[in-house]
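Heads up, the thing below is written out as structure tokens.
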Amino acid sequence: MPGRGWGNGVVGLTISRKEFILLRHILITTCLFVGMSTAWSSEPGHALYDHEDPAAFYLQAPPGGKAGLRKAINASLQRDPRNVAALVQRAYDFKDRGDLPRAVRDFDAALTAAEPGSANERHVLWSRGWVHYDLGDAAAALRDWQRAAELHKGRPRWVTYSYALAYGTMGQMGQAIGWYDAAVAAMPEWGSEAGFAERTKHWRDAQRSELRVVFEAWQVNVAAGTSSVPAQAAD
């Protein structure tokens, strides 16, 4: 899963003002894109998926900071069991410890507590999708990601490689390659070996391996001249 360094969304931890403003912006504000709703299908068509989505993020505690994080999360949830930010952070903590069922439980609770249509809801869906994927349910992951994309009301970049991963894992290689094509169109680094390695360096091995199958199939299409992306993007 794509990640970032640690910031704080839980009451009780000391962080920089910049980190606080960033996380508050992501977890509390409503959706940033309020234009026409995108119709989501199994194929990307010719649209360019070049929109940002600040709700699609993963914050990790620094080395040695996990115990303090857990303490802050638990204190926050004791005060407010429906604290969405705390539920999400505890879910990620469970995920990092390999307790995926508990992670899903907390994401479910966070989704129930989140305001419908908000950036909170979008963040929970995006996050839970990755846990569903790691549990071996690519179809459930795709459903969460599709709903998160609908709430975005634009064409966020993360949709392309996430859908490629889900469809490829489900054996629907035609759709997977189409979405990977869209990923390269929006982010050309996905079209090279070095770029693929860089973009997936924080991913789990199983995630990276599955997407590599799609990447290699996409390379075959480029060599055959059937990709819509210029061949030089794959160099």
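Please treat every number below as a calculation from the coordinates, not as lab data. Just so it is clear, the model here is predicted, and its values are computed rather than measured. Backbone-built Cβ (ideal geometry, glycine too); neighbour counts: all protein chains shown.
Some points to look at:
- Restricting the calculation to Cα atoms, the range 73-174 shows an Rg/Rh of 1.00 when the hydrodynamic-style radius is the Kirkwood one.
- Inter-centroid distance (Cα atoms) of the range 52-125 relative to the range 142-174, Å: 21
- Linear extension gain, residue 172 paired with residue 224, 0.36 nm per residue minus alpha-carbon span: 16.7 nm
- Per-q log10 I(q)/I(0), the range 139-235, q = 0.10 Å⁻¹ (Debye; single scatterer per alpha-carbon; no solvent): -0.24
- Cleavage-rule hits, trypsin sites (Lys or Arg not before Pro), the range 86-190, DSSP coil, Cβ neighbours within 10 Å at most 12: 97
- Semi-axis lengths, Å, the range 162-202, gyration tensor of Cα atoms, sqrt of 5 times eigenvalues: 18, 12, 7
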